[in-house]
């Protein structure tokens, strides 16, 4: 099949779209393609996800069962059977790219996916990688795996990189309204890649290579990591000078140009900001260059949970109480407001530090009824309901996540002491301090 | 006079406004107050500025003679006679706050201004400091000088801090449309300060103290310095990987949330970005805290001129030419586009490094006919006209400032080699490289 044939099939929505990896990225993409009128087939090694989809149940908080039902029509299916890859004309890989415990890229999921699907590659397929990764991954990892199968890239099979830009909980933008970057291994690959996404996403932006596309995604998240790191450092400086950093950021935000407000917090979490920048750090080493802003923001942001615990220790100290034996309520466990996502949440590290110092820790999160077991963490805690009595019996409440459902006035009225890491209380007083 | 009386006078525009220091900040402020209908009196120790104003001549490129003429009505005057401070009800200090050569705050201009005006303080005056400075300056430097004169702050004299936010060359915002931050030493001071600026500026934002206002201004410029530093570091990394950073930033800028585009360049210049952040660094030392993002951005940004020269050396090398003896044309001398401001311009350092390595250097800048003598620099160069012949006879052209008036297509057609630090050429080819 020539690229022209495949482009025509994609434009006519006659191509079947395979989405591999049905998590935070793959699930919404699958639904978008289904809603756009394509035949879609979702792949995941996790049979429970497949069962959920067959039962029209969402397994991600911010997607409703109704949305899943609407998408999973007779034109949509999901499977754990990877032999069915051969049914698809497009294969979009949406698997996670975490870090190893030595903070190096862990491409296990990409590589195992490629191994799983490689026997079923067919001529006239397009493979798109959406996972965030270091510049060069598509050419150095994906392409060799495909050419090993004896097919020619840009003629038999087309390969593109198109970074996911999902922002769970963002009410202004969703999958099909966020512009999509596409870079191709060859010009024919690019042409096919553009056709692939133009059928589903409002705006598709072509760039000159896959490694430029890979670098774009990293820059976006490096920009965030560094700006958050900067304001977290500024918090520690302002705090020492007796200046409230939230008042400072609010004030600077009145400048109508040249400034973008970032607010400090208890650290960074989620699957992007704490991880993605280090993909560039790792790759840069091969070229003998350093990514010092990334290293510095990593250091500052990773130090925030300890900073918050120190703040709690200090305020308790002034009430003549050691942290050991004090009752501490952690408010919010998810890594950001209004989501149930616990991946990399600073709340976990705050709780672990508190426990290691002998504090008696409870937590509340309306979106996280119990803290699940995670890589390297096992806490066995269940969310405690917030009542007047519960607040009164705790020595200090640490606001870690500013979920919209919290009644912060109620909490302030009954809590003995509050360490506020999110600026939910803009006015500080005798029982509220910044953390 | 009570604060109420002074507030009423200010609201009724019956107060005479003294502006001290008639440079990039003071001159536009003087004109705004005059245009708003106040009696104004400008002060400067530089008699040539005063003479210019009396002759209705602008001495700053981006203000026209007509604007100066319109402002210098019969209600406006300028003088080098500081005894006339006693005529004014408001004294707004707009003097520079540079760094010493050891990169420490140099408050000489603030202190000498206070000494000059102190004998003429009168009850019922408001003193506003607009110079960018470290948090605490107003309370620790300005207030003692005034109380020494035997007057009570907040009763006899009112003291506020309100940072200037001028952005020369910005066509979207000017003095009276940029919101103005005001912090007062006492509540009465704040009340007077608000009245002072509300008569002249569209939006005035009150904050809880002078040190918060001081910190706000620093955060604004730290934010810029760090974001420019980050993208300059990303340029060096991308460059090594064979990726064009301008394509990457353009691509990331298509993300409609969570990313703000900053572009790399030949270093930072002007009187704010290279200087202001170190005011916080210096003050933070007193509190035993570090400002590592500021230090890192300083290091990266200050290293860019040398990086650019290395780039030029490399491209000449591949044409079998050493830098020594090569003819190098530096395009643009001002620190940013469309201004004539040479303060801290990276062009100066690039030229100095080139000369120190034996290059034969010319420059062109339509806004800078000759490079003036500056603190620590004396170059004695005059702008060379850009002609086909001039371009041909130079071995390499370095684009340092992207003035709108440049015909970059013409330059590309005739130049042998171009090192482009500003991304004016989005497509690179055999004779254009990124610098």
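The values are calculated or read from the model by the stated rules, or taken from the named source; none is laboratory data. Nothing here was measured: the structure is a model prediction, and the numbers come from that model. Neighbour counts are summed over all protein chains in view; Cβ atoms, including those assigned to glycine, are modelled from backbone coordinates with ideal geometry.
Checking each residue in the range B:109-138 for being within 14 Å of chain A (Cβ to nearest Cβ) and in a helix (DSSP H, G or I) picks out B:137, B:138. Within the range A:26-53, the set of residues being assigned to a loop (DSSP other than H, G, I, E, B), touching a strand residue (DSSP E or B) at 6+ places or on another chain (Cβ under 8 Å) and farther than 15 Å from residue A:15 by Cβ comprises A:44 only.
Note on the range B:160-188: residues that are without any contact (Cβ under 8 Å) to a residue 60 or more places away in the chain and more than 13 Å from chain A (Cβ to nearest Cβ) total 5.
Just one of B:146, B:157 is more than 14 Å from every other protein chain (Cβ to nearest Cβ), modelled with pLDDT of 95 or more and either over 22 Å from the mean Cα position of the chain (by Cα) or under 29 Å from residue B:298 (Cβ atoms) (or both); which is it? Lay out the reasoning, then the answer.
On the way: B:146 fails: modelled with pLDDT of 95 or more.
After applying the criteria, what remains is B:157.
Determine if the range B:94-101 includes at least one residue that is surrounded by fewer than 18 Cβ atoms within 10 Å (Cβ to Cβ), in a helix (DSSP H, G or I) and free of Cβ contacts under 8 Å to residues at least 60 places away in the same chain. Within the range B:94-101, none of the residues are surrounded by fewer than 18 Cβ atoms within 10 Å (Cβ to Cβ), in a helix (DSSP H, G or I) and free of Cβ contacts under 8 Å to residues at least 60 places away in the same chain.
Here the helices (runs of 4 or more DSSP H) wholly within the range B:285-404 that include at least 2 residues being under 28 Å from residue A:293 (Cα atoms) are B:292-318, B:346-356.
Could you list all residues from the range A:250-259 that are at the interface with another protein chain (Cβ under 7 Å from one of its Cβ atoms) and in a helix (DSSP H, G or I)?
Residues of the range A:250-259 that are at the interface with another protein chain (Cβ under 7 Å from one of its Cβ atoms), as a first pass: A:251-252, A:254-259.
If the condition is that a residue be at the interface with another protein chain (Cβ under 7 Å from one of its Cβ atoms) and in a helix (DSSP H, G or I), then A:251, A:252 are the ones that fit.
The residues in the range B:324-357 that are over 20 Å from residue B:264 (Cβ atoms), surrounded by 24 or more Cβ atoms within 10 Å (Cβ to Cβ) and out of contact with any strand residue (DSSP E or B) (no Cβ under 7 Å at 6 or more places or on another chain) can be counted, and the count is 0.
Being closer than 30 Å to residue B:5 by Cβ, away from chain A (no Cβ under 14 Å), touching a helix residue (DSSP H, G or I) at 6+ places or on another chain (Cβ under 6 Å) and modelled with pLDDT under 95, is that true of even one residue in the range B:49-71? I'd like the intermediate steps shown before the answer.
Residues of the range B:49-71 closer than 30 Å to residue B:5 by Cβ: B:71.
So of that shortlist, the ones also away from chain A (no Cβ under 14 Å) come out as B:71.
Next, from what is left, pick out any that are touching a helix residue (DSSP H, G or I) at 6+ places or on another chain (Cβ under 6 Å): B:71.
Okay, now just the ones that are also modelled with pLDDT under 95, so B:71.
Checking the range B:49-71: at least one residue is closer than 30 Å to residue B:5 by Cβ, away from chain A (no Cβ under 14 Å), touching a helix residue (DSSP H, G or I) at 6+ places or on another chain (Cβ under 6 Å) and modelled with pLDDT under 95.
Of the residues that make up the range B:4-17, is at least one within 30 Å of residue B:273 (Cα to Cα) and modelled with pLDDT of 95 or more? Within the range B:4-17, one or more residues are within 30 Å of residue B:273 (Cα to Cα) and modelled with pLDDT of 95 or more. Note on the range A:260-278: residues that are buried (at least 21 other Cβ atoms within 10 Å of the Cβ), within 12 Å of chain B (Cβ to nearest Cβ) and more than 16 Å from residue A:336 (Cα to Cα) total 1. Scanning the range B:381-435 for residues that are within 12 Å of residue B:328 (Cβ to Cβ) and free of Cβ contacts under 8 Å to residues at least 24 places away in the same chain yields one hit, B:418. Scanning the range B:199-243 for residues that are assigned to a loop (DSSP other than H, G, I, E, B), within 7 Å of chain A (Cβ to nearest Cβ) and within 25 Å of residue A:218 (Cα to Cα) yields B:241, B:243. Of everything listed in (1) farther than 26 Å from residue A:245 by Cβ; (2) modelled with pLDDT of 95 or more, the single unmet condition for residue B:140 is (1).
Does the range B:293-305 contain at least one residue that is farther than 25 Å from residue B:342 by Cα and either in contact with a helix residue (DSSP H, G or I) (Cβ under 7 Å, 6 or more places away or on another chain) or within 12 Å of chain A (Cβ to nearest Cβ) (or both)? Step through it out loud before you land on a result.
The first filter runs over the range B:293-305 and keeps only residues farther than 25 Å from residue B:342 by Cα, leaving B:293.
Filter once more, so that each one left must be either in contact with a helix residue (DSSP H, G or I) (Cβ under 7 Å, 6 or more places away or on another chain) or within 12 Å of chain A (Cβ to nearest Cβ) (or both): B:293.
Within the range B:293-305, one or more residues are farther than 25 Å from residue B:342 by Cα and either in contact with a helix residue (DSSP H, G or I) (Cβ under 7 Å, 6 or more places away or on another chain) or within 12 Å of chain A (Cβ to nearest Cβ) (or both).
Can you confirm whether residue B:424 is under 30 Å from residue A:209 (Cα atoms) and either in contact with a helix residue (DSSP H, G or I) (Cβ under 9 Å, 6 or more places away or on another chain) or not assigned by TED's automatic domain parsing to the domain that holds residue B:303 (or both)?
Numbers: under 30 Å from residue A:209 (Cα atoms): yes; either in contact with a helix residue (DSSP H, G or I) (Cβ under 9 Å, 6 or more places away or on another chain) or not assigned by TED's automatic domain parsing to the domain that holds residue B:303 (or both): yes.
In short, yes.
Set side by side, the residues B:265, B:193 differ, and just one is modelled with pLDDT of 95 or more and within 21 Å of residue B:432 (Cα to Cα), which is B:265.
If you check residue A:179 against the conditions, is it surrounded by fewer than 23 Cβ atoms within 10 Å (Cβ to Cβ) and not assigned by TED's automatic domain parsing to the domain that holds residue A:271? Break it down stepwise before answering.
Working: surrounded by fewer than 23 Cβ atoms within 10 Å (Cβ to Cβ): yes; not assigned by TED's automatic domain parsing to the domain that holds residue A:271: yes.
Spelling it out, residue A:179 is indeed surrounded by fewer than 23 Cβ atoms within 10 Å (Cβ to Cβ) and not assigned by TED's automatic domain parsing to the domain that holds residue A:271.
Out of the residues in the range B:14-25 that are in contact (Cβ under 8 Å) with a residue 12 or more places away in the chain and assigned to a loop (DSSP other than H, G, I, E, B), state the one that is surrounded by the fewest Cβ atoms within 10 Å (Cβ to Cβ). Going through the qualifying residues, I end up with B:23.
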